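Working notes, structure below.
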Amino acid sequence: MKKLLLVCAAGMSTSLLVNKMKDAAKEKGMELEIFALPVSECQKVAHEVDVVLLGPQVRYQKPQVEEIIAGRVPVEVIDMRAYGTMNGKAVLERALELMA
């Protein structure tokens with residue numbers, strides 16, 4: 001099963017986006033593990049995720065996350081408009097593109 005990690009600050013809005021992404025995956029008939037963690041927790045799951053998406057509010061931490069991931073999987077900042085509108089479908093589709 002593919003695992004998608006969303007990196008956030010505190011996790012409130014990102015956990016809402018995770019739920020919307022899970023709904024979009026369910027609509028597509030896909031089984032994915034999608035979860036959110038703060039940057040400080042990334043190290044614990046870096047070896048088991050297939051893509052890392054950063055919330056726009058933590059975009060400045062992308063170099064730190066890339067260092068943790070060490071080029072193993074794609075790391076990208078979530079589009080600000082998709083994040084702001086909580087467009088789980090769009091964010092999921094971008095994550096799937098990155099994993100292809």
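With each label modelled as a point 7 angstrom along the Cα→C-beta vector, the Ala70-Met12 pair spans 3.6 nm.
Split the accessible area of the chain by element, probe 1.4 Å, and carbon with sulfur accounts for 51%.
Taken per residue, the accessible surface of the chain reaches 56 Å², heavy atoms only and a 1.4 Å probe. Our coupling estimate for the range 33-46, obtained by passing each phi through the Karplus curve with A = 6.51, B = -1.76, C = 1.60 and θ = phi - 60°, is 9, 10, 8, 10, 9, x, 3, 4, 9, 4, 3, 5, 10, 3 Hz, Gly and Pro reported as x. Gain on full extension, evaluated as 0.36 nm per residue between Val39 and Asn19 minus their Cα-Cα distance, stands at 5.3 nm.
The values are calculated or read from the model by the stated rules, or taken from the named source; none is laboratory data. Treat the numbers as computed from the prediction; the structure is a model and nothing was measured. Note that each Cβ is placed from the backbone with ideal geometry, even for glycine, and that neighbours are counted across all protein chains shown. These accessible areas exclude ligands, DNA and RNA; they are computed on the full protein's heavy atoms, side chains included. Shrake-Rupley method; radii C 1.70, N 1.55, O 1.52, S 1.80 Å.
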